[in-house]
Structures are given as C-alpha cells and as structure tokens.
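Q: Starting off with a structure, shown below.
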Amino acid sequence: MTLPSGTRLGPYEIIAPIGAGGMGEVYRARDERLKRDVAIKVLPAELAADADRRARFEREARAASGLSHPNILTIYDIGTADATVYIAMELIEGGTLKDLIASGPVPTKKLLELATQIADGLAAAHAVGIVHRDLKPANVMVSKHGFAKILDFGLAKLVTPDETELSVVQTAVDATRPGMVMGTVGYMSPEQAAGRPLDFRSDQFSLGSILYEMATGKRAFERGTTAETLTAIIREEPEPVSQLNPRVPAPIRWLVERCLTKDPEDRFGTTKDLARDLSAIRDHLSEAFVSGEATGQHPAASKRRGRLWPALAAAALVAAAVGFAAYASGKKAGRVPPPVFRELTFQRGEIYSARFAPDGQTILYAASWEGRPVEIFVSRFDSPEARPFGLKGADVFAVSSSGEMAVSLNRRFGGPFMRTGTLARIGVTGGGTPREVLEDVQCADWGSDGQSLAVVRVVGSHSRLEFPIGTVLYETEGWLSNLRVAPDGESVAFMNHPVLGDDGGAVELVDRARKRSKLAGDFATEGGLAWSPDAKEVWFTAAETGGNRALFAVTRSGSRRILARVTGNLTLQDVSRDGRALVAHDALRSGILAWTPGDAKERDLSWLDWSSVRDLAPDGSIFIFSETGEGGGPNYSAYSRRMDGSPPVRLGDGNPSSISRDGRWALSISGNTAVRGLMLLPTGPGQARSVPAGGLSIQSANWMPDGKRIVVTGSDEGKGSRLYMLDSMDAKPRAISPPGYRAPFRSVSPDGRFSVVMGPDQKQYLYPLSGGEPLPIPGIGDDETPIGWAADARSLYVYKRGLYPARVFLLDVISGKRELWKELTPPDPAGISNVAPPAIAGDGKTYAYSYNRILSDLFLAEGLK
C-alpha cells in the first residue's frame with residue numbers, strides 16, 4: 001500500500017513516491033535531523049511477515065552499508081516503524097541506466113565513462129567478498145551530473161567472509177543455496193541461470209550484458225520466453241556487436257566478448273583488472289573514436305590529425321599488447337605451424353578406442369570393421385597393416401607403463417553414447433586368458449603405480465567414479481566418461497554429462513579428497529580426453545555448438561586454448577609422452593527407416609545429420625523426430641514428418657518427447673543441459689508455448705490419452721528424479737512417485753492406468769498413475785527395455801539392447817509370455833553403432849526407427865603445440 005505524504009518512519013517524513021522494485025517501494029523522504037532529503041525503501045507490510053523476503057531485504061542493507069565507494073549507493077540507516085521495515089539511503093537526482101539505454105545505443109565516450117565507474121564500484125564490492133548477483137540497467141542510477149551509482153544489493157552474497165561477520169555470512173549462504181536460480185532473467189550469467197554456485201565472475205558476465213546493450217541498444221539474450229532466454233544464456237552466443245553497431249571500437253567489442261564467455265575461467269581474473277582495462281580503453285581510445293563518431297567519419301578521415309594520431313597510436317599499442325598476449329598463450333594459430341595428420345587405418349567401420357603401447361611405436365586399438373563385432377588390433381607406425389590381437393568383442397581401456405592392458409570384455413551397448421562390459425587385465429604381448437576384475441564397467445584407467453585402477457560404472461541410479469575401485473570420488477544422476485588419472489596419481493580428469501542420452505557436458509577434475517572443479521564447458525558434444533605430456537593441461541575434443549568436435553587444451557586453472565580444428569568431427573584417443581596424439585576422424589550420422597503396410601521395403605525418411613525418432617501418432621500417419629547434430633543447431637531442433645514421405649516440418653527448438661493421440665501437438669524438452677524446460681509445439685496451425693514446470697528440470701514427457709494431462713520425469717535440484725503429473729497446461733506439477741523413478745518415452749499405457757518406469761534399483765516396473773505400489777513386469781530381462789504399448793494395453797513392446805540385428809518382442813504383462821515381433825536390420829552394416837528402439841503405431845504394423853552410423857579413420861597427429 002502506498003504511503004501518503006507526511007507519513008513518518010522513525011526520523012524520516014515521507015514526501016512522495018519515487019518508484020517500486022522487486023524488493024519494495026521507494027519514496028523521497030526528509031531527514032530533519034541532518035536537513036537532507038533521502039530515499040526510503042520500504043518492504044510492503046504483507047511481505048514483511050515473510051521471513052525469507054524480510055531476511056533478503058535486511059541482507060541488502062547489511063551488504064551495501066559496509067561498502068564505501070563513490071559508485072555504490074550509500075546506505076544511511078535500517079529501521080522498523082509499526083511493523084514496517086525500511087532502509088534509508090542516498091537520494092540520487094537522475095534516472096536509471098535502463099532509461100538511458102531506452103533511447104538507443106549510448107555514445108562511445110559516455111559508454112566508456114559509465115562502464116568504468118560501474119566496474120570500479122563492482123571491483124570494490126568484490127574486493128571485500130560481496131557479489132551483487134542482480135546487476136542490470138535498472139539497478140544502476142545515473143545522476144544528472146553523469147555519475148553512475150550501483151544500487152540494490154538485495155541478492156548480494158558474501159563469498160569471502162571475515163571472521164567478524166559470521167552471522168551475516170551464515171544468513172547469506174543459507175538463504176541462497178547452490179542450485180537456486182535468483183536474479184533477473186536476461187542479465188544472469190550461465191552459471192547463475194543453471195543454478196550452479198557462482199562467484200564475482202558472474203557479475204562480470206552481467207556487466208558484459210549491460211555493456212552489450214549500451215553499445216547496441218539491444219539485449220544480448222532476450223528471447224520469447226523465460227525458458228528460451230535461460231537456454232540462450234547457457235548455450236548460445238549473442239549476435240556480434242560489430243554487426244549491430246559497426247562503429248563500436250574493437251577494444252570495447254573484445255572486452256564485451258570476454259565478459260560474455262560461458263566459462264567463468266575465461267573472464268577476468270579480478271574485477272579490478274576489468275576496471276583497469278576499461279579505464280585504459282577510455283583514456284586511449286575515446287577521443288579518437290568520439291571524434292569520428294561526432295562527425296560521422298572514420299577516425300582516419302578526421303581533419304584533426306594532429307590530435308588524432310597520438311590517440312590512434314595508443315590504440316595500436318593496446319591492440320599490439322592484446323595480440324602479443326594471445327600469441328604468448330598459444331591462441332594466435334597463424335604464427336604456429338599447423339599439426340600434421342597421418343592416416344593409420346584404412347577399413348570401413350568405427351574406431352572404439354586407441355592407445356599407445358609403452359614403446360611409443362606400437363598402437364593397440366579396438367574397431368568394428370565392415371559390420372563385424374568389435375575386436376582389438378595391433379599396428380605399428382612403420383606399416384599400414386594391422387593384426388588381430390586375439391580378443392573379439394573387446395575394447396581397450398588403457399595401457400600401463402609396465403605393458404599391461406586394461407580391457408573391456410563382452411563390450412556392449414549400455415544406453416545412448418554409453419557402452420559397458422567386464423573389466424579385465426592382460427599383457428600387451430597377448431597370449432593367455434584375461435584376468436577379469438569387475439563387471440559392468442563403462443571406462444577405466446591405470447593409476448600411476450600401474451596396479452590400481454580408476455573406473456566409471458553405474459550403481460543404482462547413479463554413474464559413479466571410483467579410484468581405486470571401491471573408493472567413490474564422485475557420482476551423479478547423469479553419466480560420466482573418458483576418465484584419465486593424472487600422472488601424479490592425485491587427481492582424475494573426466495567428462496561429466498548432466499543429461500542421460502546426451503553427450504553434452506563439461507570437462508572436470510576430482511582429487512583424492514573428492515574436491516571437484518570444472519575445467520571447461522558447457523559443450524554441446526564432448527568425447528575423448530587425455531593428459532598432456534607435461535601433465536599441466538588436459539587435452540580433449542568437444543564442440544560448443546553443433547556436432548563437429550575440435551581439439552582443445554585446458555590448464556588445471558581453467559585457461560583454455562585450441563590445438564586443432566578440421567572439417568568434420570575429431571575424437572582424441574591418446575597422447576604420447578613426446579606429444580603425439582592418436583585422434584579419430586569420425587563421420588557420424590543418425591538415419592530414420594520407416595514401414596507402412598503395403599511397402600515393399602523400409603523407406604529412408606532421414607533428414608539432416610542426426611535424425612532420431614521420438615514418437616509416432618497412434619494412427620501411424622505422422623511421427624516426430626529430433627535433430628541434435630550439426631544441422632540441429634545449438635538448441636537442437638524438433639521436427640514432424642508424415643509417413644507418406646512428404647517433407648518434414650521444423651516445429652521449433654528442443655528435443656521432442658511425445659505426440660498427442662490426434663497428432664496435432666508435440667511436447668518438446670527445451671535445452672540440452674542440466675536445466676531443461678517443456679514446450680508445447682503445434683504440428684499444424686497453432687502457437688508454440690512454454691509449459692510451466694515448477695522449476696523442474698525435465699527429462700521426459702508423455703501425453704496422457706485424454707490429450708490434456710502430461711506425465712513428466714523431472715528433477716528438483718538435489719532431490720533426484722521422480723514422476724509428476726501436470727493436470728493441465730498451466731497446472732503446477734504434482735509428484736506421483738517417490739524419488740528415484742524415471743519414465744522413458746512412450747511409457748503411458750493406452751488406457752492411462754500405468755506408466756513404465758525405471759526404479760531406483762534399475763529394474764523395470766509398471767507404475768499406477770492413480771496411486772499404488774509399482775508392479776514388476778513379468779518375464780522382462782535385465783538387458784531389455786520397454787519401448788511402447790500395444791493397443792490392447794495388455795502387452796508391451798520390449799527391445800533387447802546390444803543386439804544386431806535388433807530384436808523386438810511383444811510381452812504380455814500379465815502372463816509374461818512373449819513372441820518375436822520383428823528383427824530390424826538397416827542395410828549396409830558398416831559402422832552401425834546402435835539401432836534405436838522403434839516407435840510403433842496402434843495397428844502393430846506401422847513403425848519408424850533410427851540407427852546410428854559412425855565411420856572412423858584413425859590418425860597420428862604430430863606438431864601439436
């Protein structure tokens with residue numbers, strides 16, 4: 001309720017309202033004691049009783065009152081009057097930066113002046129351990145004399161507390177736990193948008209967003225919905241400043257780009273450094289560019305050459321310094337001879353893995369050539385020939401310095417992008433029988449002692465990293481891959497993929513004390529990792545967007561550089577002690593085959609490079625599929641296509657999950673990171689819209705038969721996955737299962753009574769959607785996956801994993817009896833890494849399915865620097 005003029009709050013008399021924000025109303029008031037006008041921020045009475053809102057309001061005052069800086073709003077007092085909580089603070093005559101930007105791009109001179117002041121104020125706050133976390137144009141006042149003042153430290157968090165401030169620290173930390181997303185959408189950092197822990201570099205990203213808007217007059221990441229904006233912040237790059245405003249000086253563009261890097265490690269080491277760089281640009285460049293800006297000419301065309309050339313010379317020195325730093329860090333590829341790639345394999349199929357033998361001249365690699373089962377081969381660099389090692393169905397994990405191999409026996413498909421098998425040991429010279437160590441291991445590496453082993457394996461609903469075996473260093477509900485033990489044996493580098501069925505993620509490091517750090521990410525795809533020869537860097541292959549991975553290097557502190565990029569996709573396999581690398585050049589494709597009654601053979605309905613069928617309408621007329629490779633774009637793409645072969649229709653961003661019974665609407669999961677929302681996309685006329693998911697990260701979504709309700713698998717930060725029901729498009733999700741349950745695609749029965757689920761024990765169940773205990777599925781094997789229901793709601797189609805040809809059975813869920821429904825065999829078996837479960841129409845005859853093909857060539861890369 002607005003306070004009338006004359007109302008007294010302690011020693012302050014209200015004069016008039018000024019405005020309102022997320023944390024309260026602001027008034028102009030008079031302090032008769034000191035004969036000055038002040039600004040009073042009041043927490044509304046109806047919110048003052050909310051302990052959390054009140055604590056955040058008071059925390060703003062405590063955080064900001066300790067800051068004394070000309071570019072930070074001064075806090076005078078905090079008090080309570082008749083249950084009204086208020087803050088008295090400095091009154092600024094002027095407007096907000098938001099008001100200033102509303103009229104378009106800010107002139108260069110003014111931009112640099114204001115940006116330097118804002119950075120100075122932030123640097124002062126960061127120096128005492130305070131992060132703003134809600135920096136935006138509306139939270140920066142610009143006085144009528146041109147001074148910038150940062151206000152609203154309402155979301156401030158103390159990150160390096162002093163022992164004398166323990167009570168304040170505890171309040172700040174407890175009230176905002178890692179995983180909670182607080183701040184203003186559009187100016188959040190990627191780590192903030194993803195609900196991850198953050199530090200002062202998050203404010204640098206927010207400042208970069210502000211500078212981008214000041215320079216271009218356009219927000220960097222504004223999209224149609226909140227979910228789309230969050231996804232853009234996490235995954236997408238903004239339109240280059242130079243395209244929106246070519247007159248912005250290059251040093252400003254470079255600084256903005258550095259602030260807006262996704263990885264915090266790639267931003268400024270301290271905000272003081274950021275402020276110092278802004279000050280240098282202001283002092284050396286503003287006169288040169290402003291002179292051209294004022295006349296509409298390029299600076300070189302200015303007639304005031306006597307004054308201009310010194311400024312341009314200074315600008316050249318700045319650019320030279322930047323160029324030298326880039327060269328010194330290995331980023332200026334033009335001065336470094338490119339690496340040389342020499343081909344080592346010449347058959348047609350997929351390379352699973354490759355490792356150097358201890359002599360440095362022999363390699364051991366696993367491959368599936370011409371559609372045959374995988375096996376291990378031995379080759380030398382002085383010969384193009386390779387000989388079988390003698391282990392069929394096996395993969396190479398690692399080779400120890402003493403010449404012992406860790407191998408995977410009975411290597412088989414364990415899920416999208418994942419394979420599993422039995423870990424065993426055998427000498428590189430062959431002969432004898434491998435000694436089995438541990439079942440169901442996905443990847444492994446030797447410790448520095450050549451005896452202990454690090455492994456990744458699935459235990460329950462978690463992917464677990466153990467080193468040595470039995471000692472858990474890290475586990476996740478996502479999945480892990482490519483682990484490599486550091487040469488000193490004290491830490492393990494690995495790839496962390498937050499989403500099952502997606503190979504995107506980050507490169508991370510965990511030590512023996514279980515301290516984990518993120519080195520690089522987030523990537524749209526990543527695969528292949530090894531330590532550099534001097535163990536100062538981790539080398540890995542990944543791509544920030546699309547599907548073509550390049551070769552990168554990253555230090556333990558997170559400084560990243562590129563080693564090699566080629567047309568197509570690279571997968572790093574191993575690095576030798578002298579710096580040579582084994583890399584696979586992969587051609588990856590996912591295609592679609594479909595069948596309708598009357599067809600003479602399966603028809604190819606593939607579209608781009610990674611087409612994956614998700615669902616088929618019950619009448620068999622239309623299916624939905626995803627494109628998640630290079631062609632699908634940074635946020636993936638959802639498509640629909642009619643079974644008659646007519647061209648597909650792009651529905652929007654995301655990964656489609658389920659199509660309604662009438663074929664008119666598709667549910668699509670937006671984003672390919674740990675934070676994923678839900679979209680409703682029309683397959684014909686209609687408007688796309690986001691479906692509120694109550695803050696859940698969505699893993700799968702299935703229509704109920706009524707076409708109104710939705711069953712989703714979602715996870716709330718730290719609480720694990722479970723089933724939720726959305727009773728309408730606007731209803732709040734309600735939990736219908738305990739934690740630990742997940743529903744796959746096409747899981748809801750035609751009568752709406754049951755959903756197929758994977759339980760916490762990794763066994764398959766039928767879960768009653770109206771409540772009750774999960775029911776075991778009789779007759780289903782541990783290596784089988786339910787993939788859909790027959791129209792009678794009595795039988796399940798069951799897919800047996802890891803077989804080629806793929807086999808699908810029809811299983812009676814009452815009796816457990818089964819019959820073979822179909823074998824699926826794509827033509828040309830070379831490089832087929834997986835045949836995905838089909839989507840089957842209600843008639844049991846119409847179907848569509850995807851298959852993945854990887855064709856690899858192994859290369860020796862020399863000259864990597």
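The values are calculated or read from the model by the stated rules, or taken from the named source; none is laboratory data. Quantities reported herein were computed from a predicted structural model and do not represent experimental measurements. With ideal geometry, Cβ positions are generated from the backbone for all residues, glycine too; neighbour counts draw on all protein chains shown. Just the protein is used for accessible areas: all its heavy atoms, side chains included, with ligands, DNA and RNA removed. Shrake-Rupley method; radii C 1.70, N 1.55, O 1.52, S 1.80 Å.
Q: Ranked by accessible surface with a 1.4 Å probe, highest first, in what order do E862, E436, E58 come?
A: Largest accessible area first, the list is E436, E862, E58.
Q: Also: If you roll a 1.4 Å probe over the stretch 717-865 with all protein chains in place, what percent of the accessible area is carbon or sulfur?
A: The value for the stretch 717-865 is 51 percent carbon and sulfur by accessible area.
Q: Place +1 on the Cβ of every Lys and Arg and -1 on the Cβ of every Asp and Glu in the chain, take the dipole about the Cα centre, and give the residue among A861, V808, A51 whose Cα lies farthest towards its positive end.
A: A861
Q: May I ask which residue of P338, W531, I622 lies farthest towards the positive end of the charge dipole of the chain, with charges of +1 (Lys, Arg) and -1 (Asp, Glu) on Cβ and the Cα centre as origin?
A: Value: P338.
Q: One-quarter of the Cα convex hull surface for the chain, in nm²?
A: Result: a mean projected hull area of 41.0 nm².
Q: Quantify, in whole percent, the carbon and sulfur part of the accessible surface of the stretch 498-613 (1.4 Å probe; protein heavy atoms only).
A: Of all accessible area on the stretch 498-613, carbon and sulfur atoms account for 50 percent.
Q: Provide H585, H497 ordered by accessible surface of protein heavy atoms (probe 1.4 Å), highest first.
A: Largest accessible area first, the residues go H585, H497.
Q: Ok, one more. Using the Cβ atoms and a cut-off under 11 Å, what net charge is assigned to the surroundings of P738, where Lys and Arg are +1 and Asp and Glu are -1?
A: Its environment carries a net charge of +1.
Q: Determine the calculated [θ] at 222 nm for the chain from helices alone, applying -39500 (n - 2.57) to every DSSP H run no shorter than 4 residues and normalising by the residue count; nearest 500 deg cm²/dmol.
A: Taking each H run of at least 4 residues, the total per residue is -5500 deg cm²/dmol.
Q: If you count only protein heavy atoms and use a 1.4 Å probe, how large is the accessible surface of T471, to the nearest 10 Å²?
A: Here the accessible area works out near 50 Å².
Q: With the contact rule set at Cα under 8 Å and sequence spacing of 6 or more, what percent relative contact order holds for the chain?
A: Normalised by residue count, the contact order of the chain is 7 percent.
Q: What distance in nm separates the two pseudo spin-label positions at R734 and R514, each 7 Å out from Cα along the beta-carbon direction?
A: It is 3.7 nm.
Q: Ignoring ligands, DNA and RNA, what accessible area per residue does the chain give at 1.4 Å, in Å²?
A: Value returned for the chain: 41 Å² of accessible area per residue.
Q: Follow-up question, since we're still on this one. What FRET efficiency comes out for the pair E819/T429, r = Cβ-Cβ distance, R0 = 56 Å, nearest 0.05?
A: After rounding to 0.05, the efficiency reads 0.70.
Q: May I pose another question? Cross-link list K262/K763; K262/K536; K719/K763: which exceed 27 angstrom alpha carbon to alpha carbon?
A: K262/K763, as the Cα separations exceed 27 Å there.
Q: Going Cα to Cα from K392, which aspartates and glutamates come in below 14 Å? Please leave out same-chain ones fewer than 8 positions away.
A: E375
Q: Please check which bits of the stretch 488-516 a label hung off R565 would reach, taking the label as a point 7 Å along Cα-to-C-beta and the cut-off as backbone N under 17 Å.
A: none
Q: Say each of S621 and I18 gets a label point 7 Å from the Cα, pointing the same way as Cα to Cβ; how far apart are those two points in nm?
A: With each label placed 7 Å out from Cα toward Cβ, I get 6.2 nm.
Q: Can you tell me the FRET efficiency between D599 and S448 if r is taken as the Cβ-Cβ distance and R0 is 56 Å, rounded to the nearest 0.05?
A: So, using R0 = 56 Å, E works out to roughly 0.45.
Q: Relative contact order of the stretch 463-619: what whole-number percent is it, with Cα pairs under 8 angstrom and at least 6 residues apart?
A: The normalised contact order for the stretch 463-619 reaches 12 percent.
Q: To the nearest 20 debye, what charge dipole does the chain have about its Cα centre, counting +1 at the Cβ of each Lys and Arg and -1 at the Cβ of each Asp and Glu?
A: The dipole of the chain has a size of about 1260 debye.
Q: Now for a different question. Helices from the chain with mean Kyte-Doolittle at least 0.5 and a Cα length along the axis of 20 Å or more, per DSSP H: which?
A: Membrane-span-like by this criterion, though nothing is claimed about a membrane: 305-328.
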